[in-house]
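One structure below.
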Amino acid sequence: MIERPITDWLPLTMKEVEKRGWDEVDVVLVSGDAYVDHPAFGTAVIGRIMESEGFRVAIIAQPNWKDDLRDFKKFGRPKYFFGVTAGCMDSMVNHYTANKRLRSNDSYTPGGAAGFRPDYATTVYTRILKTLYPDVPVLIGGIEASLRRVTHYDYWQDKLMPTILYDSGADLLVYGMGEQPLREILKLARKGVPLSSMRNINQVAYLHENGTKLRDYNNWNTVELASHETCLEDKIKYAANFKIVEVESNKWQANRIIQQVGNQTLVINPPFKTMDETEMDKSYDLPYTRLPHPKYKKRGTIPAYEMIKFSVNMHRGCFGGCSFCTISAHQGKFIASRSEKSILKEVDEITRHPEFKGYLSDLGGPSANMYKMKGKDESICAKCQSPSCIHPVICSNLDTSHKPLTELYRKVDANPNIKKAFVGSGVRYDLLVDDFNKNNQDGNHDEYMEQLITRHVSGRLKVAPEHTSDATLRVMRKPSFKYFHKFKEKYDQISDRHNLKQPLIPYFISSHPGCEEEDMANLAAETKDMGFQLEQVQDFTPTPMTVAEVIYYTGVHPYTLKPVRTAKTREEKQNQNAFFFWYKPEYKQWIRNRLTKMNRPDLIEKLLGKPTKAEGKKPYKKTFAPKHKKR
């Protein structure tokens, strides 16, 4: 294997800066993740875009925030600004389980080691930089900054927090996928415009001092939210705020949003229209090495990189709008797809990777099967305010053809260096059920399923029905579980026809708003009847900027302002989760006791069968759900 020169990566050390012959750095990026030069890692994408615009960029990856702060000082003062991100995940989701227990590993760190980033990393890094270099602007972005751009509930402190701009002291925030606003920022920075004057760029947020007039820009209309202080006093006002933010975040012609925070005004400019193919390709076709920086060699592999190094991301965004999911809040509900040419070029690049053995781990995206899907008449999309294109029904204007995806799979298959190209991303099964999706005029969904099942399943296929209770599913913005039954029937028919043993692996969530303990017992019984022993366990976590988070905190649905019950205590959450494990001996007596208390002998028999003589003699007593280690 030929060693690549260190200058193929963006510099992590001053020695690497000097090797490039630079006398100063234009922008320094600070990240909570290790530096992997790959288009699936945001810091690499942002760094490469800056490089493509002629900027000299250096990266401070996972700096030590506890010592003399030498990591933050190693490149000195950048010419233009610092860019800060917590990394590919919100640092609190990265650090803690749904039960607020500290995780023992970090997938974005060499060796999977924990402890290499602080809680609330964006805020901690920014405050340090503002202390060390008070006159250097700081631009924040990434998922943590994006989802905390407005007053939000923080599950880990169990309280409302103001915009992250207020707590961090950053000068400007880019929300969502940052390529479009970043290129505008770079053009203005080169002309000498300070970050504090960049007020007319789409998809940025900033704090305005109330002593001066807030100017209007670009003929944007302005919508005002209830102030942060009002939200602290009134949960209903906070819930109403969320609806405005979600609707405006997913419109093509959105309004500017403002909110009073102390003596300042938070201003959130409207988003850019979804990137087109040319813009997407430009981002993915940059000269990534597709490898972690060589400095990590002795520290072990980076788990997140190992997972995606032989995968291809074909599109961004998701029009599902699920209540618990942050994808549409960050990437948007409209799908941004790459061109076939760009994807096939990346496949070729992967085949030249020194460790590649002929197997692609994933041809996918946030949802595996939304590639190139969009409105048939985009003028209708331009006026749409719905947070989901497929809930409660699939929009008649949505083109759900799987033909472009099926053809792309076949072209990848035809590459002589590809033995198998798997689909590892979750498949949105409801798009493939004709009873739910009425837009399958030419039958191409069946053609896609045949191609998928016979050529692209690596042992088992992941799908996410999330629940079996229709009431809970409505809160989740997911379709009725009856459509999963229909999908499984079709899946089994195709599998049987080709003599394939590739089980479906369904994902479910416990403790979601709207879910009662009895709903989980029913879920366990129904899935048992279908032949499943559930292993993919997920306990609901209220993450910022989601419908479910708002319900969890306020007790009401933000669109109706009507009450929705939610399991909140640790005992309630553990009790719901325990029903997943009816097949484990240590859970059986507990389940029997709980269902006896609910007066559900029918569910006892379905889940556990008739009691043995020994069990029948045991008196009812209060027991606690066994503790289960979650994935």
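The values are calculated or read from the model by the stated rules, or taken from the named source; none is laboratory data. Note that the coordinates shown come from a computational prediction; the quantities given were computed from them, not determined experimentally. Ideal geometry is used to build each Cβ from the backbone, glycine not excepted, and the neighbour counts take in all protein chains shown. For accessibility, only protein heavy atoms count, side chains too; no ligands or nucleic acids. Shrake-Rupley method; radii C 1.70, N 1.55, O 1.52, S 1.80 Å.
Seen against the Cα atoms of the chain and their longest principal axis, helix 585-597 is set at about 70 degrees. In summary, the aspartates and glutamates within cross-link reach of Lys237, defined as a Cα separation below 18 angstrom excluding same-chain residues under 8 places away, comprise Asp154, Asp158, Glu224, Glu229, Glu246, Glu248, Glu549. Simple point charges give the picture: +1 on the Cβ of Lys and Arg, -1 on the Cβ of Asp and Glu, and for the chain a dipole about the Cα centre of about 1600 debye. Taking every alpha carbon pair in region 441-551, what does the distance histogram look like in 5 angstrom bins from 0, in percent? Going out from 0 Å in 5 Å bins, region 441-551 shows 2, 10, 19, 21, 16, 13, 10, 6, 1, 0 percent. In the context of the full set of protein chains, residues of region 280-405 present 40 Å² of accessible surface per residue (probe radius 1.4 Å, heavy atoms only). Stretched out straight at 0.36 nm per residue, the stretch from Asp434 to Lys159 would grow longer than its current Cα-Cα span by 94.6 nm. Using a 1.4 angstrom probe on heavy atoms only, work out the carbon and sulfur share of the accessible area of the chain in %. Here it works out to 50 percent.
The alpha carbon convex hull volume per residue for region 392-477 rounds to 105 Å³. Once each part is reduced to its C-alpha centroid, what is the distance from region 132-162 to region 402-447 in angstrom? Each part's Cα centre sits 39 Å from the other's. Of all stretches in the chain that contain no chymotrypsin sites (Phe, Trp or Tyr not before Pro) in a DSSP loop with at most 12 other Cβ atoms within 10 Å, the longest one is 1-619. Since only Ile380, Phe41, Leu266 are under comparison, the one whose Cα sits farthest along the positive direction of the charge dipole of the chain, derived from C-beta charges on Lys, Arg, Asp and Glu, is Phe41. A Förster radius of 35 Å combined with the Cβ-Cβ distance from Asp348 to Trp22 puts the calculated FRET efficiency at roughly 0.65. Taking a point 7 Å out from the Cα of Trp220 in the direction of its Cβ, the residues of region 169-192 whose backbone N falls within less than 14 Å of it are 172-176, 181-182, 185.
The structure-derived value of Kirkwood radius over Cα pairs in Å appears in the list (i) 26.0; (ii) 26.8; (iii) 29.6 under the label (i). Based on DSSP H segments of at least four residues, each scored -39500 (n - 2.57), the chain has a per-residue ellipticity at 222 nm of -9500 deg cm²/dmol. Pairs from the table (Lys438/Lys478; Lys297/Lys357; Lys309/Lys478; Lys486/Lys528) lying more than 19 angstrom apart at Cα are Lys297/Lys357; Lys309/Lys478. Straightening the chain between Gln253 and Lys213 buys 12.0 nm, computed as 0.36 nm per residue apart minus the Cα-Cα spacing.
Which shape class applies to region 1-83: rounded if a/c is under 1.5, otherwise prolate when a/b exceeds b/c and oblate if not, where a ≥ b ≥ c are the square roots of the Cα gyration tensor eigenvalues?
It comes out rounded by the Cα gyration axes.
When the convex hull of its Cα atoms is viewed from all sides, region 311-429 shows a mean projected area of 8.0 nm². Computed about the Cα centre, the dipole magnitude for region 69-223 is approximately 460 debye when only Lys and Arg (+1) and Asp and Glu (-1) carry charge, each at its Cβ. A P(r) calculated from all alpha carbon pairs of region 374-423, with 5 Å bins opening at zero, reads 4, 17, 19, 14, 11, 11, 11, 9, 4, 0 percent. Altogether, the Stokes-Einstein calculation at 20 °C and 1.002 mPa s, with the Kirkwood radius of region 146-243 over Cα pairs as Rh, returns a diffusion coefficient of 141 µm²/s. Farthest toward the positive end of the dipole of the chain, out of Met177, Val138, Ile591, is the Cα of Ile591, where the dipole comes from beta carbon charges about the Cα centre.
When the Cα gyration tensor is reduced to axis lengths a ≥ b ≥ c, the ratio a/c is 1.5 or higher for region 79-221, and with a/b above b/c it is classed as prolate. For the set Lys100/Lys345; Lys100/Lys187; Lys298/Lys584; Lys243/Lys374, the pairs lying more than 31 angstrom apart at their alpha carbons are Lys100/Lys345; Lys100/Lys187; Lys298/Lys584. Could you please state, rounded to a whole Å, how far the C-alpha centre of region 565-600 is from the C-alpha centre of region 42-121? About 40 Å separates the Cα centre of region 565-600 from the one of region 42-121. Quick one: grab the alpha carbon gyration tensor of region 162-216, order the square roots of its eigenvalues as a ≥ b ≥ c, and give me rounded if a/c is under 1.5, else prolate or oblate depending on whether a/b is larger than b/c. In terms of gyration-tensor shape, oblate. With both residues required to sit in the chain, DSSP beta bridges show an antiparallel share near 45%.
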